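A short write-up of the structure that comes next.
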Amino acid sequence: MQSPLTPDDRARYEWQLSAAGFGEEGQARLRSSTVLISRIGGVGGTLAYELAAAGVGKLILAHAGNLRVDDLNRQLLMSDAGVDQSRVEQAARRLRAFNPSIHIETVAENVHEHNVDELVWRADAVASCAPLFAERLLMNRAAVRQGKPLVDCAMYEMEIQLLTVIPGQTPCLACLYPQEPPAWRRRFPVFGAVAGTAGCLGAMEIIKVLSGLDAPVAPSAGEARLDEPGLGEALRGRMLIGDLRTLKFRTMQLRRDPKCAVCAKHSK
């Protein structure tokens, strides 16, 4: 149930309320929404920061373990004084201080087989920011089964990759990766600016989906229709691929696998 914005809401979000096609309706939808974020490192931490700034009502942060020194080149919700302390609790404190009007719930665990369904059930949308394919595929499976939108954000060295899954309407992550790639490594080169770019783009996808105001794309020109309200089309059935080494970006059209073990039976 959405309630009218308060004077404090209008003051805090004044600059985005004037965005074409957003307004108080879009802001009210954000405020009434809950997003699950796994994890809150370089990608997920930036995404969480941007969702907090935008006024998403509740964030569920899932991340196990304590901060290490080598996390500090990218994990902007942390601090040097917090080394050897809980990552997720540091992130929660920073976000609460930044925007006291939103609710933060912490889960000091990574997403796994035994908690994924409950965590996804508690959210309106899912931001998958884990470096491990096993975790990303688990979240994709649970989101599709429960009909929850999922934005999968990934990066490697200078490259980023973004995919938005709308269950029943678009291909899912398992259509692209039926199984975890065998050669995938847990540790890989990371610049904070690359991870942050992926997080910012993922946050905007979440905002589009939650506000319900992502506009269709004109089929002839491939550009957003400026005569229709909205924030531009989310990545429905497309993957965004970016190379920050060359600053080249492209979208790749994806097809649903009719035999996908995750989403085939949920397609409309």
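Any read-out appearing in this document is the output of simple, stated calculations on the displayed coordinates, not a laboratory observation. Remember, it's a predicted structure, so these values are computed and weren't measured experimentally. In this analysis, Cβ positions are derived from the backbone assuming ideal geometry, glycine residues included, and neighbour counts consider all displayed protein chains.
Restricting to bridges with both residues inside region 7-266, how much of the DSSP beta-bridge set is antiparallel, in percent to the nearest 5?
55
For 71, 152, 84, what's the fewest-to-most ordering of other Cβ within 10 Å of each Cβ? The partial results should precede the final answer.
Numbers: 71 18, 152 27, 84 8.
Arranged by neighbour count, lowest to highest, 71, 152, 84 become 84, 71, 152.
Just grab the label-to-label distance for residue 180 and residue 200, each label 7 Å out from Cα along the Cβ direction, in nm (one decimal).
About 3.2 nm, to one decimal.
Assign unit charges at the C-beta atoms only (+1 for Lys and Arg, -1 for Asp and Glu), then state the dipole size of the chain relative to its Cα centre in Debye, rounded to the nearest 20.
Working: 32 positive and 30 negative charges, 121 e Å.
In total the dipole reaches around 580 debye.
Got a sec? Charge dipole of the chain, +1 on Cβ for Lys and Arg, -1 for Asp and Glu; which of 178, 69, 232 is way out at the positive end?
Selected residue: 178.
Checking the cross-link filter: which lysines have an alpha carbon closer than 23 Å to that of residue 58, excluding same-chain neighbours under 8 positions apart?
148, 208
Starting from the Cα of residue 66, step 7 Å toward the Cβ, then list every residue of region 82-96 with an amide N under 16 Å from that point.
What the label zone holds, given the 16 Å backbone N cut-off, is 82-91.
Quickly estimate the mean residue ellipticity at 222 nm for the chain, helices only: each DSSP H run with n ≥ 4 gives -39500 (n - 2.57), and the total goes over all residues, rounded to 500.
Calculated from helices alone, the mean residue ellipticity at 222 nm is -9500 deg cm²/dmol.
Normalised by the number of residues in region 7-266, what is the relative contact order in percent for Cα pairs under 8 Å and 6+ residues apart?
Once normalised by length, the contact order is 20 percent.
Counting other beta carbons within 10 Å of each residue's own, what order do 72, 137 fall into, fewest first?
In order of increasing Cβ crowding within 10 Å: 72, 137.
Kindly put 88, 35, 69 in sequence by how many other C-beta atoms sit within 10 Å of each C-beta, fewest to most. Spell out each step's value before the answer.
Values: 88 23, 35 26, 69 9.
If I rank by nearby Cβ atoms, fewest first, I get 69, 88, 35.
Which distance in Å, rounded to a whole number, links the C-alpha centroids of region 83-108 and region 130-165?
Cα centres, region 83-108 to region 130-165: 22 Å.
I'd like the GluC sites (Glu not before Pro) in region 27-121 restricted to DSSP loop residues with at most 16 other Cβ atoms within 10 Å, sorted by number. Please list the in-between numbers first.
Details: sites: 50, 89, 105, 109, 113, 118; in loops: 109, 113.
Within region 27-121, the qualifying GluC sites (Glu not before Pro) (loop, at most 16 other Cβ atoms within 10 Å) are 109, 113.
Counting other Cβ atoms within 10 Å, which trypsin sites (Lys or Arg not before Pro) in region 5-75 have at most 13 and lie in a DSSP loop?
The qualifying sites are 68.
Quote the convex hull volume per residue of region 7-266, based on C-alpha atoms, as a whole number of Å³.
Residue-normalised Cα hull volume stands at 130 Å³.
Efficiency by 1/(1 + (r/R0)^6): what FRET value for residue 259 and residue 169, r their Cβ-Cβ distance, R0 = 22 Å, to the nearest 0.05?
FRET efficiency, residue 259 to residue 169: 0.75.
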